[in-house]
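No lab work stands behind these numbers, since they all come straight from the coordinates. All of these numbers come straight from a predicted model, not from anything done at the bench. Note that each Cβ is placed from the backbone with ideal geometry, even for glycine, and that neighbours are counted across all protein chains shown.
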Amino acid sequence: MAILKITKKHHKHFNNPFPSSVSTTIPYVQGSLFFNSKRVSSDQTFSIGSDFQLSWTSNNGGHLSISHLSQQTRSIWSTIPGQAFVSAALVDTELEESRGSFLVKDKDIHMVCNHQTIEDIRIIEDIGVIDSQFDHHLECEVPDSHSVYRRLEKKTDAQEIQLPTLMITGRLFNMTKKSKKFQKHGIQATMRFEAKGPSVYARYWVLFNQKTKHEVGFQVKIEKPNFTSRNQVSKTVSRGYQGFKRSRSNRKKRLGWCWYLSRPRGFLLVSSVEEEIGDLDISKPEEFNRVWLTYASDENERFYGFGEQFSHMNFKGKRVPIFVQEQGIGRGDQPITLAANLVSYRAGGDWSTTYAPSPFYITSRMRSVCLEGYDYTVFDLTRLDRVQIQIHGNSAEGRILHGNSPCELIERFTESIGRLPELPEWIISGAIVGMQGGTDAVRHIWDELRTYDVPISAFWLQDWVGQRKTLIGSQLWWNWEVDSQRYWGWKELIEDLSFQNIKVMTYCNPCLAPVDEKQNKRRNLFEEAKQLDILVKDSNGNPCMVPNTAFDVGMLDLTHPKSATWFKQILGDMVDDGVRGWMADFGEGLPVDAVLYSGEDPISAHNRYPELWAKINREIVEEWKSKPLDKVNKDQEEGLVFFMRAGFRDSPKWGMLFWEGDQMVSWQRNDGIKSSVVGLLSSGISGYAFNHSDIGGYCTVNLPVVKYNRSEELLLRWMELNSFTIVFRTHEGNKPSCNSQFYSNQQTMSHFARFAKVYKAWKFYRIQLVKEAAWKGLPVCRHLFLHYPNDERVQHLSYQQFLVGSEFLVVPVLDKGKKKVKAYFPLGESSSWVHIWTGKVYSKQGSEEWVEAPIGYPAVFLKVGSLIGETFLNNLRSLGIL
């Protein structure tokens, strides 16, 4: 009955410059809540483990509320009185894919159950394991707890449910309806349904249990839809009804299902092609493929997090999709977004597109929710009084967190998902010099940097694999071995740099390009992977060739057990040559119609892929660290590092360091220097404690009509900004000759040396913050909300300013030609702030002040009396900066 239509538009040119966006999802679903007055008392309180409680009241139609026992009057999650908090539907889906960009659309709705009953609330204390899937429809009205558990689906990780568990049971119901107006107006409780056809209903179960002292876990399970004739359903139902009548003569009809391979998603896949395809009707649905969770929010509540987001800090009023993909070129900034969309379908992206989303948020009311799993999800925050989460699946699972501050909530969250490890000291000691050109170019720039006394940690050489000419310029050979012509004397170069305590870093990604035309290759990794059968396949069983700019590539199937072993050997060879770090690029482009070794649904696997990619890289780091040696190896003690751009919820568990991907070389808000600050701060709230951007940005556009080239002023200001982030790393950009570079002239080189020293001056504090991040999950660079959550002015800040730890306040210049900034000194800070360049003290809380910030003197403030601040100033003096 439901259809999944995948449309690939990789090679479509001359496109609509204003493509559809996330508004293509169903706006909202609303239904009424009813309860069985015989079984559910008017007011009850239930324990959830030893630290939480759930309160039920029948007032105003009935609602639920969860609180921590330490603060029983403060709700951390509650439903809306008289309204359904669980809904389900069967919906057609269209998914557009083009070169790493994706758009999921809700199409026709075949059935919806948007009203809800509560038939029972009880505590289960004597059942250990959820042991099997539903084998048949339930016969009884309110089954005993043992039968319920026997029929619930087993958790995917086969772990035991923590007991005691609070269980809520009931039904979801409504009438069959097909209407395109749902897409415009949503599904409303007051909507009248035609008197034709059967009504639809399904049983549901909501389970709550305590995960930790500060977390409540929840699961929502929904039975397959059932039909009954309309004369069985009363036309009017009171809020406190007596329960559905049990009738043997009206047995529920068992429904068949037509599966595509082993995909338990409630729809049939229509074969993907390069152009759009027609619909196909399939009858007899077995499962819902949409679940909505709806609960209360306050009108002025602000929402932060959702992974690495580049355009907004507060998402109240937004509809936030959670799907890993390319961020796009422009993301709404004009005219570049229009131009990018015109040339390549949806290449411009929009405010919501990101490499690293996460189904997690923290609010200004200290409420926090995180979803488990990898299904496509949309958080709808467009209505003032509620949150509605749409999950593309037939169940939901997640956690509700308790904490008294943003920092506490981040600590609780990262305790569950995992935290980044401590970084090796070398990566945070000096500049990471990103450049290309081969051995001679590196040695030349190294000589110049020594002349300017630049503190250097590493040279990052992304073109170590060699370059080739394509239609769009010079591009790397995606065959992960050194190009011995471009980098002649590779090992000698590494050794010479190592003698000066400078590391060499390289580049790789999980894709492989055919290299038949490359003359000096030693290995053909694409052919090796093809022979090993470890590439992602298409529906015909052939390697799925993924378009990437001017060439197609094969993508490693990271669900195949041989992939990790084989690729770690490739990384191991690189490390054996002396390489000590690398960019682990990409990971966001798994095709949504891919056929994987594991047989899992590729749409869910799409969000999991970057975590698998991080895991392989992390494993080689840990294996190398523990590798036995005859004598102590200094490099081994210091450790390896990799950095990534793609990620999902659990990426901090497997990653080490992140970077923000491909910002434009511009001053713009959605995809430029400003967006790099927003991405830095939003990701920090979401567990990405170590993140940074390319100094100067990456994406250069040099078309006859549209030009974005990196100016010297932008480069200098980006150096100032990144000298106060975890890593100080340059990038030449995708068109180096069109951009100002740190080595372009005496001014750029002097400025680079100056701010590499500024970066070095707070290394001692950076080391402390790295340890704190590994211990608590707190980011190095922080939105002021983390420390001043009650300041309403702070809650409205985005890119304007940020904290480094709790001691530095940085107000960067992010606009062309500006030499002053407006600094805000937050409420709730007992210390005054001192300007590092003039020594002027600012004591008034909640005040704004204009501060001079000419090039070379960014507005940075320290807490008066801070030992950390005094040490930083002394270091600046010793380095000749002050």
Trypsin sites (Lys or Arg not before Pro) within region 490-552: DSSP coil, no more than 14 neighbouring Cβ in 10 Å: 522, 523
Calculated FRET value between residue 822 and residue 864, using beta carbons and R₀ = 22 Å, to 0.05: 0.60
Using distinct alpha-carbon pairs, which all enter the 1/r mean, Kirkwood radius of region 353-417 in Å: 13.0 Å
Net charge of Cβ neighbours under 14 Å - reference residue 78; Lys, Arg +1; Asp, Glu -1: +1
Eligible aspartates and glutamates near residue 760 by straight Cα distance, threshold 16 Å, same-chain separation 8 or greater: 425, 453, 720, 870
For region 398-502, alpha-carbon Rg and Dmax in angstrom: 20.5, 59
Residue 709-residue 73 FRET efficiency (beta carbon distance; Förster radius 51 Å; 0.05 resolution): 0.30
Cα-projected label distance for residue 298 with residue 469, points at 7 Å along beta-carbon direction, nm: 6.4 nm
Gap separating the Cα centres of region 63-92 and region 494-569, nearest whole Å: 47 Å
Region 371-493: relative contact order in percent, alpha carbon pairs under 8 Å with at least 6 residues between: 17 percent
Label-point gap, in nm, between residue 566 and residue 365 - each point 7 angstrom along Cα→Cβ: 5.2 nm
Euclidean distance of C-alpha centroids, region 416-493 and region 570-597, integer Å: 17 Å
Of 469/674; 9/816; 763/840; 469/707; 615/863, pairs whose Cα-Cα distance is over 29 Å: 469/674; 9/816; 615/863
Other-chain or far-sequence residues with amide H under 5 Å of residue 840's (modelled H): 835
Neighbour net charge for residue 544 - beta-carbon separation under 10 angstrom, K R +1, D E -1: -3
Only Lys, Arg (+1) and Asp, Glu (-1) charged, at Cβ; region 784-833 dipole about Cα centre in debye: 420 debye
For region 781-829 versus region 686-740, the gap between their alpha-carbon centres in whole angstrom: 22 Å
Greater than 19 Å apart at Cα, pairs in 107/224; 568/627; 521/562; 8/518; 318/822; 627/771: 107/224; 521/562; 8/518; 318/822; 627/771
Net charge of neighbours whose Cβ lies under 9 Å from the Cβ of residue 90, counting Lys and Arg as +1 and Asp and Glu as -1: -1
Size of charge dipole - region 467-611 - debye, nearest 20, with Cβ of Lys, Arg +1 and Asp, Glu -1, no other charges: 320 debye
FRET E, pair residue 59, residue 125, Förster distance 35 Å, beta-carbon r, rounded to 0.05: 0.80
